[in-house]
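Okay, structure first, notes after.
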Amino acid sequence: MTGRSPLDDPANASFAWARYRKIMKWMAAFTAAVVALVLAVMYQVVGFVSIHFYIATALGLGLAMLLMAALMGLVFLSSGTGHDESIEDPLEDERNW
């Protein structure tokens with residue numbers, strides 16, 4: 001049986017998810033700034049190639065950065081709330097011999 005997670009408490013969960021949403025809002029703003037900067041530099045260096053090139057670049061860079069931010073935010077949420085320590089490790093006895 002697994003232990004009780006701190007995220008099972010509604011007060012802890014709402015605080016943790018509010019912090020996660022705050023991190024994601026900041027990362028979305030940072031991602032938009034980086035994408036705009038990259039597109040501006042690309043336009044200066046390459047010039048106008050095709051609108052599809054710039055759309056694909058913006059979507060690829062933006063989605064990759066947001067995905068990385070979302071996954072790292074979930075790692076911080078899980079670790080910061082103590083959720084990681086609430087699991088039951090079936091191999092704990094084998095490692096502590």
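Okay, residues lined up against (1) within 30 Å of D9 (Cβ to Cβ); (2) out of contact with any helix residue (DSSP H, G or I) (no Cβ under 7 Å at 6 or more places or on another chain); (3) not in a helix (DSSP H, G or I):
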{"position": "F48", "(1), (2), (3)": "no, yes, yes"}
{"position": "A58", "(1), (2), (3)": "no, no, no"}
{"position": "M68", "(1), (2), (3)": "yes, yes, no"}
{"position": "E88", "(1), (2), (3)": "yes, yes, yes"}
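Based on this model, can you work out whether R19 counts as among the basic types (K, R) and exposed (fewer than 10 other Cβ atoms within 10 Å of the Cβ)? Let's see the steps before the verdict.
Values: among the basic types (K, R): yes; exposed (fewer than 10 other Cβ atoms within 10 Å of the Cβ): no.
Answer is no for this residue.
Could you check the range 1-41 and list, in sequence order, the residues that are modelled with pLDDT of 95 or more and of a type in the set (F, W, Y)?
Within the range 1-41, W26, F30 meet the criteria.
Which one of these is within 30 Å of A18 (Cα to Cα), under 20 Å from the mean Cα position of the chain (by Cα) and either at pLDDT below 95 or among the basic types (K, R) (or both): M72, M65? Spell out the reasoning first.
Details: M65 fails: either at pLDDT below 95 or among the basic types (K, R) (or both).
Selected residue: M72, the only one of M72, M65 that is within 30 Å of A18 (Cα to Cα), under 20 Å from the mean Cα position of the chain (by Cα) and either at pLDDT below 95 or among the basic types (K, R) (or both).
The values are calculated or read from the model by the stated rules, or taken from the named source; none is laboratory data. What you see is a predicted model; the values in this text were computed from it and never measured. Note: ideal-geometry Cβ built from the backbone for every residue, glycine included; neighbour counts use all protein chains shown.
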